[in-house]
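Trainee: I'd like to ask you about the structure that follows.
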Amino acid sequence: MNVAVQEAPRPFIGFEGRVEPAWIDANRHMNVTWYDHVFDRAETALFAAFGVDEAYIHRFQHGMFRLEKRIRYEREAVEGDLLRVESRIVSCDERLLRHAHELINLTKGARAGMAEYVSIHVDLSKRKSARVTEPSVLAPLRGLAALHARLPAIEGR
């Protein structure tokens, strides 16, 4: 029996950590720059989960470019709050990837923000979009997308 089919659908955990003192602004909460930073780290981890990491970029001269980014700042986070980003692939084909990330403030038990991205796979030698053809990337990408398609819709999306 296929283990991937048995696996319960769940978001990919792209980031876990605490709000650091350096992330706090004059309003005594986490500055929006750091929300962006946390979402970017989660995006990088998600890409690595299906094989688009630095080794892939150097070996194949292909990578991902972001085309769109939409962030919603919903609740403040303060120094010491424990955060987690739950990431998922919303849709994909061999070129285009739509992904969403929810920033959960585990200390307060509430979503602090949400980010939605559109990214495109690029041949870096030509600086043009290109299909993902590498099986070591395509298979896990499709597997994650299928798993995430079974999740309930993200609230407020």
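The values are calculated or read from the model by the stated rules, or taken from the named source; none is laboratory data. Remember, it's a predicted structure, so these values are computed and weren't measured experimentally. Backbone-built Cβ (ideal geometry, glycine too); neighbour counts: all protein chains shown. Side chains are part of the model used for accessible areas, which takes the heavy atoms of the whole protein and leaves out ligands, DNA and RNA. Shrake-Rupley method; radii C 1.70, N 1.55, O 1.52, S 1.80 Å.
Trainee: Considering the values (i) 49, 40, 39; (ii) 49, 45, 26; (iii) 47, 40, 25, which represents Cα extents along the principal axes in Å as calculated for the structure under consideration?
Mentor: The calculated read-out lines up with (iii).
Trainee: For the charge dipole of the chain, defined by +1 on Lys and Arg C-beta atoms and -1 on Asp and Glu C-beta atoms about the Cα centroid, which residue among Met114, Leu138, Val19 has the Cα displaced farthest towards the positive pole?
Mentor: Leu138
Trainee: Something else: With each label point set 7 Å from Cα along the Cα-Cβ vector, what nm distance links Asp93 and His58?
Mentor: Placing both labels 7 Å along Cα→Cβ, they lie 3.3 nm apart.
Trainee: How large is the charge dipole for the chain, taken about the Cα centre, if only the Cβ atoms of Lys, Arg (+1) and Asp, Glu (-1) carry charge, to the nearest 20 debye?
Mentor: Computed charge dipole of the chain: roughly 460 debye.
Trainee: Quick check: pseudo-label points 7 Å beyond the Cα along Cα→Cβ at Lys108 and Leu151, how many nm apart are they?
Mentor: Result: 2.1 nm between the two label points.
Trainee: May I ask you to list the GluC sites (Glu not before Pro) in the range 90-157 that are in a DSSP loop and have at most 12 other Cβ atoms within 10 Å of their Cβ?
Mentor: When the GluC sites (Glu not before Pro) of the range 90-157 are filtered for loop state and at most 12 Cβ neighbours within 10 Å, Glu155 remain.
Trainee: Further question on the same structure: With Kirkwood's inverse mean 1/r over C-alpha pairs for Rh, give me the Rg to Rh ratio of the range 29-78, two decimals please.
Mentor: Computed over Cα atoms, the ratio is 1.09.
Trainee: Ranked highest first by the average count of other Cβ atoms within 10 Å around their residues, in what order do 56-62, 33-39 fall?
Mentor: The most tightly packed comes first, giving 33-39, 56-62.
Trainee: Also: At 1.4 Å probe radius, can you tell me the per residue accessible area of the chain in Å²?
Mentor: Each residue of the chain exposes 56 Å² on average to a 1.4 Å probe.
Trainee: Simple spin-label model, 7 Å along Cα-to-Cβ: Leu67 to Ser129 in nm?
Mentor: 0.4 nm
Trainee: Carbon and sulfur atoms: what percent of the 1.4 Å accessible area of the range 17-82 do they account for?
Mentor: Carbon-and-sulfur percentage of accessible area, whole number: 49.
Trainee: Is it possible to state the helix-based mean residue ellipticity at 222 nm for the chain, with each DSSP H run of 4+ residues giving -39500 (n - 2.57), the sum divided by total residues, to the nearest 500 deg cm²/dmol? What is it?
Mentor: Helices in the chain give a 222 nm mean residue ellipticity of -8500 deg cm²/dmol.
Trainee: Also, I was wondering about something else. Carbon-plus-sulfur fraction of the accessible area of the range 102-157, 1.4 Å probe, in percent?
Mentor: 54 percent
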